[in-house]
Every structure is written in structure tokens, then in C-alpha cells.
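Beneath this line is the structure, given in C-alpha cells, with notes to follow.
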Amino acid sequence: MFFLALTSLLGLMLLSGIPSCNGGAELNPYIHPATPKGWLKGNTHTHSLWSDGDAAPEKIADWYKSHGYQFLVLSDHNIMLDGEKWRKVGTGKAEATPEHVAELQKKYGESAVELREKGGAKEMKLKTLSQLRKQFEEPDRFLFIPGEEISDKFVEKVNGKDVTRPIHHISMNHDELINPPGGTSVRDVLDRTIAAVEAEAKKSGRSVFVHLNHPNFQWGVTADDIAYALGERFFEVYNGHRGVNNYGDKDRPGCEKIWDYVLALRLGKLNGPPVFAFAVDDAHHHHKEQMVANPGRGWIMVRCATLGVDAIIEALKKGDFYATSGVVLEEIEATKESLLIRIAAEPGIEYTTRFIGTKLGGAPGVVLQETKGPSASYRFTGDELYVRATVVSSKPHPNGYEKTDLQTAWVQPVVLRRK
């Protein structure tokens, strides 16, 4: 049976300060009254020609900035955007098309696009993060957070055949490359990756952040893998790449079910910290819409008073953010008594808020209450391990993970009980 039965719990414990694996800060996300802080829009997972994306990083940065994002992580596979990187101009995989080069020259000027001839082929030099910062960053409007996608794998034998389990993380706010550490199992790779990020944080003296990517991509990471790797505190509940199996299949759970399973097991048996959810693009295709991996499919909204890397990382570690594919929230207010959500409602759009949780000794991830309208409030009964919320609108996503997606927001869990 997929879900483990929960063991009995004694006492009520409000979690107000679990040590974080991300640089030693504290996680204190569970009780946060309404504040005057604003919400910052950002994406932590997207790809450029530095790895397997199809566009120059300046085109990607311009898209996100012009679409109202305040921060962006260009997270190419196992590479930082520094040093010298050239891409062949052509029509092959990981090449800059002649049309794309012409587009960049028209927008930014011919002198802004550096070209050369090498081995009888034309090549384009890619912009570094330092160059992009000078070109696009603006105080109180837009910034980059440096990062990478640490792309690892574990190969195991299944019925005598080698099966590859991809294991990817987004790490951010560091300048040095964090190499994939490998491991003896999927869980070992998870633990080693978190340890590598912690080591980089200690070495750099900076607050480095990491989240797990698309666990169902090629069915690489199971719910049990996540639950027992207690260093994993953040993961992608919604990834816009159409090949990552967000919703599972007839035999395997979708990412929301994984989330509830991990929360129930962590809080009800393992005495571990909760997991918080991201929505991301994982964009690779930046020239045409309705492709496998387009920008604008999922993002996070971070409650933060100032637009700065340290402030954003601090808010993320506290869990003071929500994930969304289009629904905008005005306020999330959690107290010891209740969880209140106010939606920035659009005229003519209906909203359904489902408060989801696991009760003491109960099945993981059940709907505790369903409310229609622009605001919703759930009063805790005292026997919940945690309560989170999903807000689903009647508005179709214009270019979602699936073409039938409705715009949705995911509110982080309020933790009420712990073993």
C-alpha cells in the first residue's frame, strides 16, 4: 500500500524553529500573521543555450523582466554562467539558429552579439551572468540569483536491466560550481547533494539554497526517497515541462500526493521537518508557444519587504512564499487558531479553496474543507498534523503543463503536530 499507516502521536507541538540544512538559518514558516510586506514574483528553474535551452540568456532575461518577474535563476545543467562559452550558429541541437542571431542583433545591435568563425563554422559567444546583470538588473525592479541545476543520476538493476534514475536539484546564491556528488542509491545521492550545498555555504559564507526538482521525471525519485532524506526541505509540486509526469499515472502518485505523503510520514513518524512546494517553468523552449517547455507556466510569489538576494533566500527558508500557475493571492495569514487566504480575484472567475491535511492516525492528504469565493478560512480542530491549501480557479491556463490545466495556487503547510 502506497501510504504508510501513521503511528500515534503524543502532545501538541507547534514548530517554531527547526534548524535548516541551508546555511544554518531557522525555518519558522508555520505561524506568520498578516504583514505589510509585498509579494515578489520569481522563477528558479529555466534553461538557456549554456546547456540545453534553445535561446541566448539575454532573450530569456528580457522575457521574464518584461512579464513582471522581479527575480530569476538561470539554472543550466552542471554549469555556472561564467567564463567563455560559444555556441555554433546552425539548426542542430544546442545551436543558435541564424534567425535567433538576427533577432538578437536587431534588438540589441550588431555589436552586442559577438560572432566568430572557427573550423569553418560560425559561432556566437554567450553572455555571462555578470554581463546580464549589467544589462538587465534594476534596483527595486529586477535581479538575478546565481544558480545551477545539479544534474545527477543513479543507475540500478531492475529485472536484470540498467535503469537510470535522474536526480536533479536547483541550487542558488553561490558563485562556485557544485558538481554532482553521485552516490550508492537514490537516497544517498539526495543526502550527498544536500551535503555538497551545505559545504558550499560554509566555504562561501553565504546563505545557499537548494530545492529538489521534478521527482517524477523518468520516475527518478520516490516519495519514500524524499521522506527519508530529511535534508530535503523543498521540492517542485508543479513543473511546466510536459515530460515530468506532474500528475503521476495509474500506478504512481502525482506530485501533490507525494507532498502529502512526505508531510504525513515526516511529521507523524520520522520526527522530521516539513517540505515546502515550488512551481517552476523548467523552460527550454523560448521561441514558440505550446512547446514542451515554455516560460510562464509556474512560478513562486515570495513575501518580502525588499528586492534583494539575501532577503529572498531568507523568506524562502522560512517558507514565506506560495507556488502558483496563475492564481494571485493578496494575503496568507496563519495563526495558532486558523489559516486565512484572500485571493486577488478577477471579475467573472470562480475560485475554490481546498484545505488539505492529515489528521492524527488518518489517511494522508484528505480534503478537510472546501470553500468557494474570493476568501477562505479554516479553523484548526487540534487533531491535524498539518494543513495546507490549494486554490483552483475556473480560468484555464493559457499554456500550462497540460492543455486542460486550470490556474492554481499552492499554499505552504501550517504544521500543528509532530511526533
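Every number here is computed from the coordinates shown, using simple stated rules; none is lab data. If you're wondering where the values come from, they're calculated on a predicted model, not measured in any experiment. Note that we place each Cβ from the backbone using ideal geometry, even for glycine, and neighbour counts take in every protein chain shown.
Values as computed for the structure displayed
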{"item": "Given LYS85/LYS202; LYS59/LYS288; LYS250/LYS359; LYS106/LYS288, the pairs whose alpha carbons are separated by over 20 Å", "result": "LYS85/LYS202; LYS250/LYS359"}
{"item": "Summed residue charge, Cβ within 11 Å of ARG165's Cβ, Lys/Arg positive, Asp/Glu negative", "result": "-2"}
{"item": "Base-10 log of normalised Debye intensity for segment 217-373 (one unit scatterer per alpha-carbon) at q = 0.14, 0.15, 0.21 Å⁻¹", "result": "-0.87, -1.01, -1.63"}
{"item": "At 0.890 mPa s and 25 °C, Stokes diffusion of the chain via Kirkwood alpha-carbon radius, µm² per second", "result": "111 µm²/s"}
{"item": "Gain on full stretching of the segment that runs from VAL155 to LEU177 - 0.36 nm per residue minus C-alpha separation", "result": "5.6 nm"}
{"item": "Expected-Rg normalisation [2.2 N^0.38 Å, Cα atoms] applied to segment 293-407", "result": "1.16"}
{"item": "Estimated [θ] at 222 nm from DSSP helical runs (n ≥ 4, -39500 (n - 2.57)) normalised by residues in the chain, nearest 500", "result": "-5500 deg cm²/dmol"}
{"item": "Candidates LYS125, LYS336, LYS203, ranked by Gaussian network fluctuation over the chain, Cα under 10 Å, top entry", "result": "LYS203"}
{"item": "Share of alpha-carbon pairs per 10 Å distance bin for segment 86-125, given as whole %", "result": "33, 57, 9"}
{"item": "Selection from LEU270, ALA334, CYS255, by position along the positive dipole direction of segment 254-345 (Cβ)", "result": "LEU270"}
{"item": "Top positive-direction residue, dipole computed over the chain with Cβ charges, set ALA363, VAL101, ILE79", "result": "ALA363"}
{"item": "Spin-label pair THR371/TRP86, simplified geometry with 7 Å Cα→Cβ offset, distance in nm", "result": "6.0 nm"}
{"item": "Proxy reagent accessibility, fewest Cβ within 10 Å first, across SER377, SER75, SER171, SER51", "result": "SER377, SER51, SER171, SER75"}
{"item": "Size of electric dipole in the chain: Cβ of Lys, Arg +1 and of Asp, Glu -1, about Cα centre, debye, nearest 20", "result": "480 debye"}
{"item": "Estimated FRET transfer efficiency (LEU360, ALA311; beta-carbon r; R0 35 Å; 0.05)", "result": "0.45"}
{"item": "Karplus-derived HN-Hα couplings along segment 231-247 (A = 6.51, B = -1.76, C = 1.60, θ = phi - 60°), whole Hz, x at Gly and Pro", "result": "x, 6, 10, 9, 8, 8, 7, 9, 10, x, 6, 6, x, 9, 6, 3, 9"}
{"item": "Top of ALA195, ALA102, ALA229 by mean-square fluctuation, Gaussian network on the chain, Cα under 10 Å", "result": "ALA102"}
{"item": "Estimated dipole of segment 114-251 in Debye, rounded to 20 [Cβ of Lys and Arg +1, of Asp and Glu -1, Cα centre]", "result": "400 debye"}
{"item": "GNM result for the chain, Cα springs below 10 Å: residue of PHE209, PHE278, PHE380 fluctuating most strongly", "result": "PHE380"}
{"item": "Alpha-carbon centroid distance for the pair segment 135-169 / segment 390-404, whole angstrom", "result": "25 Å"}
{"item": "Taking GLU236, GLU256, GLU350, GLU95 and counting other C-beta atoms within 10 Å, the order from fewest to most", "result": "GLU350, GLU95, GLU256, GLU236"}
{"item": "Cα-based Rg / Dmax (Å) for segment 309-363", "result": "14.5, 41"}
